[in-house]
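Values quoted throughout were computed directly from the atomic coordinates according to the rules given, and no laboratory measurement underlies them. Predicted model, so just to flag it, every value in this text is computed and none were measured. We place every Cβ from the backbone using ideal geometry, glycine too, and count neighbours over all the protein chains shown.
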Amino acid sequence: MLAVAGGWWLLMQHHLSMSGSVHLHAPANVFWMWVLMTLVMMSTTTVPVLQSLHSITQNATQLIWWAFVFGYLVIWFGFALAASSLQLAIGELNLLDAHTGLNKSLSAGLLLTAGLYQFSSLKQRCQSECLTPMQFFLRHWRDGVGGGLKMGLRHGVTCVGCCWALMLLAFVGGLTNIWFMVLSAAVMAVEKFPVIGRRLTAPLGVLIIVWGVAVFVSLFSGVGGAQNHLSLYQN
């Protein structure tokens, strides 16, 4: 839990030091920004998994636990690399506005994609794996350090499959908007609660779709202006 708190503190410091033109930063800085955002936003859903594995391996070598963590981080570092590369490509095409969010047409498209993904069978399968960490380990357990690595890679892929669309909404909410990240982390954490997680997925999908439709309609109505459609989330 101290690591989680430390990660949020680092993200707050990063947020305070960022200018409004994050897409103009060096590629390495953009990559590490996504690494930090990814790890911190996923921290609320990762802790229960690591606690479950620790309870399983407490009488065995902890190398299995560390191998799992390494495999898990490999996947999320890969996601951060993909997301930062996407950001740099979008920046090169001048599709990021002055508030470091996507322009309205791409924002609408991403919102609709994320909302519809909430209802997909892939989302449901990945969420099922995340809702019950113990069942994941019972179903996919592998012995030894190599087994821990394989389980970490598998669970990392499962988490990406569950949360990638919600994570990419950072492009819509603002890449330097700490409060949007806090909200996203909270939503992803609640989605992993065994009792209410599944009940949240569909309403959340509807809400995101409605948001996307509203942004799309504003393209033709002129409401709010090209750089004000996220005023609710801007600092």
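General observations
- Local net charge near Gln127, Cβ-Cβ under 9 Å (Lys/Arg +1, Asp/Glu -1): +2
- Note on Lys192: lysines with a C-alpha under 19 Å away, same-chain residues under 8 apart excluded, are Lys123.
- In this calculation the C-beta distance from Trp179 to Ala60 is compared with R0 = 45 Å, giving a FRET efficiency of 0.60.
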